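The structure appears below as structure tokens.
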Amino acid sequence: MDLLKKYALTGMLCLLLLGTGCRSSMPSFHIRQDVDFGFIKRVAVLPLNNLTSERFAAEAVRDVLISELLASGLVDVVVPGEVTAAMDRLGIRSASSLNTEQIKSLGTALGVQALIFGSVEQFGMVRMGNISAPNVTITLMMADTGSGSIIWSVTSTGVGGGFMARHFGARTETMSETLLRVVKDAIRTLANY
Amino acid sequence: MLPGFLFLALGAFLVLMWGCVGPQQYVRPDVDVRKIRKIAVLPLESLTTDKNAGEKIRGLVISELLASGVDVIEPGEVSRVLKDLKVRSLKDITVEEIQKIGERLNVKAVMMGSVGAFGISRGITASYPEVSVHLMLLDTSTGNIIWSAWNTAGGPSFWTRHFGTEGATLSETARKVVKETIDALF
């Protein structure tokens with residue numbers, strides 16, 4: 001009986017290992033250790049760069065990002081339209097290639113301590129064996145508007161269909177749920193710091 | 001040993017059956033949002049292939065706000081003011097424009113946002129409705145975001161996936177999302 005229990009336990013462990021898979025859901029991130037994030041009270045989220053074929057991917061991710069930043073209680077966020085207006089005034093066409101001076105100018109114009117910008121690399125369904133599942137990958141960066149340097153960067157990715165969905169018919173996430181998880185994971189790296 | 005195993009199995013079954021997503025919301029600490037009893041709901045941005053998704057959800061938002069006892073400015077009146085103020089894009093609306101809208105419509109807050117998903121998605125064995133919305137309430141005196149919520153609903157239910165039962169329709173899912181989100185506020 002004891003031997004049977006051991007086999008059962010080993011079997012369950014193997015199943016769990018298979019279930020979690022080798023793909024880590026932990027986002028890869030970098031935080032500048034010499035920066036006190038406590039001074040960042042208000043941020044501006046710039047329009048994200050859309051590197052996918054989904055027309056509204058960047059806007060959809062930006063909305064969730066703003067909502068989650070606010071909900072996390074970490075920072076206050078500037079109204080999105082105000083960001084666009086400030087970029088227009090300063091003649092900044094794209095948020096994907098900002099130089100130090102532009103970061104500082106935007107910070108002054110918007111009255112924020114940091115800017116968040118980045119890109120959406122994946123936003124769509126992917127084929128995984130016999131199922132299709134939502135796949136979202138984003139890269140976010142935070143720049144200090146005082147120095148103009150990057151103080152936080154993160155790449156977060158998520159796939160909606162896990163081992164249980166593929167093999168046991170468990171519920172797969174919707175695209176919106178995967179998106180929310182990916183954004184939450186990214187923000188958590190900042191919140192945990 | 002057996003009851004423990006059964007308990008574990010039941011827990012796993014429940015996790016498999018249900019997701020755990022609800023409204024993600026923020027309420028500005030120094031503002032009593034629940035005291036606001038009159039709101040203008042601006043047209044919502046549609047980030048889906050359905051161009052009318054924003055208007056459909058806006059209608060539901062207005063209904064739910066009214067049902068919660070909040071007075072809502074007539075959509076036609078909002079459109080007229082937006083036209084008068086020459087507001088072209090709602091996603092790029094500035095604090096100055098929000099203040100002017102507040103003045104013209106005599107409201108302390110305006111609601112704006114977007115619809116991130118609105119349609120039927122294809123799953124492994126079943127098609128299912130998926131709706132996600134982002135709503136924000138902005139103070140018309142400061143232009144600050146005083147409330148923000150993101151919510152989603154839909155996805156294939158356990159019974160639809162495995163037993164082919166009829167799931168919620170797109171309209172029911174949209175109503176659920178909006179109701180949950182507005183209920184979180186009022």
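The set of residues in segment A:130-146 that are within 14 Å of another protein chain (Cβ to nearest Cβ) and free of Cβ contacts under 8 Å to residues at least 40 places away in the same chain comprises A:Asn130, A:Ser132.
Within segment A:92-107, residues that are closer than 17 Å to A:Val43 by Cα and at pLDDT 95 or above have Cβ atoms under 6 Å from residues that are part of a loop (DSSP other than H, G, I, E, B) and among the aliphatic types (A, V, I, L, M) in these pairs: A:Gln102/A:Ile92; A:Ser105/A:Leu90, counting only partners at least 6 apart in sequence or on another chain. Among the criteria (1) facing chain B (nearest Cβ under 9 Å); (2) touching a Gly at 6+ places or on another chain (Cβ under 7 Å), the one A:Glu54 does not fulfil is (1). Regarding segment A:113-123, can at least one residue be identified that is of a type outside the set (D, E, K, R), under 21 Å from B:Lys91 (Cβ atoms) and within 13 Å of chain B (Cβ to nearest Cβ)? So far as segment A:113-123 goes, yes, one or more of its residues are of a type outside the set (D, E, K, R), under 21 Å from B:Lys91 (Cβ atoms) and within 13 Å of chain B (Cβ to nearest Cβ). Quick check on A:Thr157: is it among the polar types (S, T, N, Q), in contact (Cβ under 8 Å) with a residue 12 or more places away in the chain and in contact with a helix residue (DSSP H, G or I) (Cβ under 9 Å, 6 or more places away or on another chain)? So A:Thr157 fits the description; yes. Considering (1) surrounded by fewer than 18 Cβ atoms within 10 Å (Cβ to Cβ); (2) farther than 26 Å from B:Lys38 by Cα, the lone condition that B:Ala184 does not fulfil carries the number (2).
Scanning segment A:28-42 for residues that are crowded, with 20+ Cβ neighbours inside 10 Å and in contact with a helix residue (DSSP H, G or I) (Cβ under 7 Å, 6 or more places away or on another chain) yields no hits at all.
The values are calculated or read from the model by the stated rules, or taken from the named source; none is laboratory data. Worth saying up front: this structure is predicted, and the values here are computed from it rather than measured. Because the Cβ atoms are built from the backbone with ideal geometry, glycine has one as well, and the counts that use them run over all protein chains shown.
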